[in-house]
Amino acid sequence: MTPPAAGADAKPLVLLSQPSDSGLTPVMEGQFRFVLAADADAATAAEARVLFVPGLRPVTADLIDRLPALELVSTISVGLDHVDLDACRRRGITVTNAGATFSVDSADYVVGLVVAVLRRVAAADAHLRRGSWATDGDYPLATKVSGKRVGIVGLGSIGSLVARRLAAFGCPVAYHSRAPKLPPCPYTFFPTVRALAADSDVLVLACALTEETRRVVDREVMEALGAGGVLVNVGRGGLVDEPELVRCLREGVIGGAGLDVFENEPDLPVELLDMDNVVLSSHKAVATVESIRGVLHTVSGNLEAFFAGRPLLSPVAL
């Protein structure tokens with residue numbers, strides 16, 4: 001590739017799949033020239049070798065096909081269900097994600113949700129704030145965390161950290177994944193999510209959303225988890241049959257839920273808002289000051305490596 005002329009245009013061109021609200025692009029504007037794909041003229045679209053995906057809006061085959069020189073799709077997320085990976089495979093386009101950047105903070109957040117749901121932290125807080133402690137007495141007893149049987153769907157970089165953290169609470173840990181982990185994995189493998197749920201008090205979803213895992217938690221799984229069971233989801237909302245989840249919570253089929261992700265974000269079932277056995281957050285399990293700093297390092301490192309012809313930091317096997 002012929003080096004570009006000196007000046008502002010010497011910065012490598014990076015197309016943006018959507019406007020960025022992550023705060024990452026302003027930091028990197030000294031290194032790269034960002035152009036929103038929707039605003040790119042034909043010449044710019046024909047030149048672009050990199051598409052940066054700073055959010056979770058779909059990256060469609062149509063968009064990819066509009067970019068004939070595209071070689072790299074670089075995302076800030078771990079999950080890639082919003083990217084048409086089949087289109088990338090067909091074109092031989094490389095994809096990078098956030099790698100393990102968010103794993104520690106996501107695992108910490110899972111523990112927080114488990115504690116918050118089992119101990120009813122949010123409901124007890126609301127009880128105090130509305131003055132009910134003085135008028136109605138103590139908030140009802142909740143249940144302990146230590147010793148609960150924890151099942152994890154997806155024992156990857158996040159799931160394995162969750163397992164280690166909750167094992168420190170004295171929780172027996174089991175898991176389901178596409179295949180058993182090689183020894184010396186200390187956790188019990190279950191071949192189906194339903195079997196895992198039937199042996200768990202807490203079911204944690206930390207896997208990727210694929211066609212195989214879409215709505216992997218259905219009513220049958222929730223019935224297996226049982227009336228005292230808790231569902232925690234930091235993966236993707238589509239892993240759960242949301243209408244059935246609402247019904248199961250309302251009917252007492254399961255005991256509670258900690259939900260950071262939803263199927264149609266930012267919308268969520270309004271029935272969840274009035275349930276005091278549910279703890280909700282807005283897809284923030286991954287996000288801390290430190291993790292955003294880390295993903296900036298990963299994204300800028302991938303872009304720098306690509307334009308310099310060096311190995312990428314977090315390529316994804318397609």
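The values are calculated or read from the model by the stated rules, or taken from the named source; none is laboratory data. Note that the structure is predicted; figures quoted are calculated from it, not measured. Quick reminder, even Gly has a Cβ in these numbers, built from the backbone with ideal geometry, and neighbours come from all protein chains shown. We work out accessible area using only protein heavy atoms, side chains counted, and drop any ligands, DNA or RNA first. Shrake-Rupley method; radii C 1.70, N 1.55, O 1.52, S 1.80 Å.
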Please go through segment 78-108 and give me each residue that is crowded, with 19+ Cβ neighbours inside 10 Å and either polar (S, T, N, Q) or at positive phi (or both), ordered by number. Thr96, Asn97, Gly99, Thr101, Ser103, Ser106
Confirm whether Leu273 is within 22 Å of Val115 (Cα to Cα), more than 16 Å from the chain's Cα centre (by Cα) and touching a residue at least 24 places away in the same chain (Cβ under 8 Å). no
Which condition breaks for Leu296 when tested against (1) assigned by the TED database to the domain that holds Gly23; (2) buried (at least 21 other Cβ atoms within 10 Å of the Cβ); (3) farther than 19 Å from Tyr109 by Cβ? (2)
Being surrounded by fewer than 21 Cβ atoms within 10 Å (Cβ to Cβ), within 30 Å of Gly159 (Cβ to Cβ) and at pLDDT 95 or above narrows it down to one residue among Pro68, Pro58; which is it? Pro58
Going through Val230, Val246 one at a time, which residue ends up being in contact (Cβ under 8 Å) with a residue 40 or more places away in the chain and aliphatic (A, V, I, L, M)? Val230
So is Val117 more than 22 Å from Ala167 (Cβ to Cβ), touching a residue at least 12 places away in the same chain (Cβ under 8 Å), hydrophobic (A, V, I, L, M, F, W, C) and touching a strand residue (DSSP E or B) at 6+ places or on another chain (Cβ under 6 Å) or not? no
Does at least one position in segment 300-311 carry a residue that is over 24 Å from Gly235 (Cα atoms), out of contact with any helix residue (DSSP H, G or I) (no Cβ under 9 Å at 6 or more places or on another chain), open to solvent by less than 40 Å² (accessible area, probe 1.4 Å) and not aromatic (Phe, Trp, Tyr)? yes
For segment 281-293, how many residues meet the condition of being open to solvent by less than 80 Å² (accessible area, probe 1.4 Å) and either part of a loop (DSSP other than H, G, I, E, B) or β-branched (Val, Ile, Thr) (or both)? 7
If you go through segment 232-280, how many residues are within 16 Å of Arg214 (Cα to Cα), of a type in the set (Asp, Glu) and part of a helix (DSSP H, G or I)? 2
